[in-house]
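Structure record follows, encoded as structure tokens.
The values are calculated or read from the model by the stated rules, or taken from the named source; none is laboratory data. Quick caveat, the model's predicted, so the values are computed rather than measured. Cβ coordinates were reconstructed from backbone atoms using ideal geometry, including for glycine residues, and neighbour counts include every protein chain displayed. These accessible areas exclude ligands, DNA and RNA; they are computed on the full protein's heavy atoms, side chains included. Shrake-Rupley method; radii C 1.70, N 1.55, O 1.52, S 1.80 Å.
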Amino acid sequence: MSGSVSEGVRVAHVCYSDARGGAAIGARRMHQAMCSQNVDSRLVVIDKFSDDPGVIEVGRSRLQEIARDRLQKHLLRTHRTGNPVLRSLNLFPSGMGAMLNRLDVDVVHMHWVNADTLSIGEIANLAKPLVWKLPDMWAFSGAEHYVLPDDPERFAEGYHPHNRPAHESGLDLNRLLWRYKRYRWRERQFTIVGPSRWISECARRSAMFRDARVYNIANPLDLELYRPLSKVSCRERFALPHDRKLILFGALNATIDRRKGFHHLQAMLELLPRYVSPDEADVAVLGSATSPGERVGPYRAHHLGKHEDEQTLVEAYGTADVFVLPAELDNLPNVVKEATACGVPCVGFDIGGMPDMVEHGVTGALAPPFDHESLAQGVGWVLDQDGAALSSRVRDRAVSLHDRKRCVDRYLEVYREAIDDFHRGER
């Protein structure tokens, strides 16, 4: 890519927040990566938590929030489902769309825009080239943010009465919302970026975006911050034993969010003594506000807590011999990206974006969903390897995926094509 591509490119990233959740953290990191490469970038949010002057808070009145929440809850109650993931409607305008149209930028880059950050109608009316990095499946689905693995792929087939999942009843809100999106966005040009190969392929197969440009670009990470550290010093920081293997599990609300798989971790640990003795290994939990207890299954447990300070997170990853995330559904989880950048081999199920970050039998292990025996075998395999050599391979793969400059250069090429497509459409 020539140097002229980035010159003068002004981008507004849009997300509900610049913190509080994986997608928000990803949006802030993308903005920071752009700034590190001298791109004119700002991040526009509803809720701002950082002191970054490049983050612009639009905000909403408390009355607006209450009215929106009540209306959405009333509508969602008409639809009963066995899918436990978040559902969003995005029917109520926030005013951010009009603000973005006034902003002097060349391209709008959307991230997680739910909680009515931008309504479906506001997205349709954006008078700017639009790039959408998909944090989940909501953009091309109905109200659901993820489709259950055994459900009909209505996002690809179209939402019809005959392919409704058996666990749903009441008003088919997913179908109604999908049809509304299709209607409002029928003239809208989208450029789609999937952080994982899996979600990029889902978008290509979707009825919503099968005619759009779809790219796969992994999320950037500050690889100078997220790096391997001395295991001895990291364990001293958290008062962890030095004479045992440490199996780390972590996620936002680690023990509460079913999608992250703490129940699968518990089931796996019951089988793990066949491969790793409880006398030789402990378990640590990161990202939970409450302690998992003195033991998780037959293994002694350590509670590392929730931490927003990134240096503390790096030190937490540095304590581990293996990181386990047995997620049921996920795109490109930040915790695996962070752990691998710190040289920690990861084990999980072969779902979503996990195969992008974990090369089975080379940098970690992937088990068939939801095979607890294979998961235990994977943990045993990692702990049986030469730790230094494996850590080096893990770090090298993370650098190849998440290097800031490489990610920003690819996005600048995507922006150029989106801008060109938009102006061709105006002629």
- Query: Does Arg29 qualify as being among the charged types (D, E, K, R), out of contact with any Ser or Thr (no Cβ under 8 Å at 6 or more places or on another chain), open to solvent by 20 Å² or more (accessible area, probe 1.4 Å) and modelled with pLDDT of 95 or more?
  - Reply: no
- Query: Are there any pairs, at least 6 apart or on different chains, whose C-beta atoms fall under 6 Å, with the first in segment 168-181 and among the basic types (Lys, Arg) and the second in a helix (DSSP H, G or I), and if so, which?
  - Reply: Lys181/Ile120
- Could you check segment 10-106 for helices (runs of 4 or more DSSP H) lying wholly inside it with 2 or more residues that are touching a strand residue (DSSP E or B) at 6+ places or on another chain (Cβ under 6 Å)? 22-36
- Can you confirm whether segment 231-243 contains a residue that is touching a Cys at 6+ places or on another chain (Cβ under 6 Å), of a type outside the set (Asp, Glu), open to solvent by less than 50 Å² (accessible area, probe 1.4 Å) and not in a helix (DSSP H, G or I)? no
- Could you say which residue among Val55, Val44, Val14, Val9 is aliphatic (A, V, I, L, M) and open to solvent by 10 Å² or more (accessible area, probe 1.4 Å)? Val9
- Among the residues of segment 391-415, count how many are under 21 Å from Lys133 (Cβ atoms), in a helix (DSSP H, G or I) and of a type in the set (D, E, K, R). 6
- Under 8 Å by Cβ, and 6 or more places apart or on different chains, what pairs join a residue from segment 268-292 that is of a type in the set (Asp, Glu) with one that is open to solvent by 10 Å² or more (accessible area, probe 1.4 Å) and not in a loop (DSSP other than H, G, I, E, B)? Glu270/His372; Glu280/Lys245; Asp282/Lys245; Asp282/Arg300; Asp282/Ala301; Asp282/His302
- Item | So Phe49, is it without any contact (Cβ under 8 Å) to a residue 60 or more places away in the chain and closer than 15 Å to Val113 by Cα | no
